[in-house]
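Worksheet: one structure, shown below.
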Amino acid sequence: MENRIERIKAKLIQRLQKYLDDEVIDEIRLEPLPIEKIVMFENEHHIKLPEGIVDFYTKISNGVKLYPDEDICNLEPFENWSYSPKLIQKDFDIENDVTYDDYCAIKSQNGDYSFESFGNIALMDLGCAMSYCIVVKGKHYGEMIVVREMYLEIKNKSFLDWIEDSLDGTEELL
């Protein structure tokens, strides 16, 4: 796991260097999050965060501006994670991608509740009511999903797979 963490960190630094002049490359500072903050979060919400997200945030960086010149499409710092405290403990029980028609059918059958917010944390705002989230409770535990207004896509990738594929350019973020 440590080799993978170091590999991802090197790819991240390489990506960030593309945005900086040669004169300011030394200014790239990735500041990991103290593990104690993760432990407090887990205890407060009675959940266990997936190992990959914990490793990234505590060994590489507490969020990162993947697109330094943009306000969106950046991995949020821990303090800015978006989730519902009431829904984070419920299982994310969606089996497959949810299309617009599926979304409307689920809403009409079960009333107006935020099933798409169950058991996950939004880590990256894509704008236009879209975000990348990590599942923290349920069948797809540890996997990334894309939540869009009235649409949901299960990426079938762990956080580390997703971030590494994103850095390699095989996973489109935008």
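The values are calculated or read from the model by the stated rules, or taken from the named source; none is laboratory data. From a predicted model like this one, the values you see are computed outputs, not experimental measurements. Here the Cβ positions follow ideal geometry from the backbone for every residue, glycine too, while neighbour counts run over all protein chains shown. In case anyone asks, the SASA skips ligands and DNA or RNA and just uses the protein heavy atoms, side chains included. Shrake-Rupley method; radii C 1.70, N 1.55, O 1.52, S 1.80 Å.
Listed conditions (1) crowded, with 18+ Cβ neighbours inside 10 Å; (2) modelled with pLDDT under 95; (3) not basic (Lys, Arg) are all met by Asp26, apart from (1).
Asp101 meets the conditions (1) of a type outside the set (A, V, I, L, M, F, W, C); (2) part of a loop (DSSP other than H, G, I, E, B); (3) free of Cβ contacts under 8 Å to residues at least 24 places away in the same chain in every case but one. The failed one is (2). For the stretch 116-144, which positions are more than 18 Å from Phe78 (Cα to Cα) and assigned to a strand (DSSP E or B)? Correct list: Gly127, Met130, Gly138.
Would a scan of the stretch 133-150 turn up a residue that is open to solvent by less than 50 Å² (accessible area, probe 1.4 Å), more than 11 Å from the chain's Cα centre (by Cα) and small (Gly, Ala, Ser)? Scanning the stretch 133-150 turns up at least one residue that is open to solvent by less than 50 Å² (accessible area, probe 1.4 Å), more than 11 Å from the chain's Cα centre (by Cα) and small (Gly, Ala, Ser). Per the listing Gly119, Gly127, the residue uniquely modelled with pLDDT of 85 or more and of a type in the set (Gly, Ala, Ser) is Gly119. Filtering the stretch 85-98 to residues that are part of a loop (DSSP other than H, G, I, E, B) and in contact with a Lys or Arg (Cβ under 9 Å, 6 or more places away or on another chain) leaves Ile88, Gln89, Lys90, Asp91, Asp93, Ile94, Glu95. Restricting the first member to the stretch 47-76 and to residues that are under 17 Å from Ile8 (Cα atoms) and touching a residue at least 60 places away in the same chain (Cβ under 8 Å), and the second to residues that are part of a helix (DSSP H, G or I) and of a type in the set (Gly, Ala, Ser), the beta-carbon pairs closer than 8 Å and six or more apart or on different chains are Leu66/Ser166.
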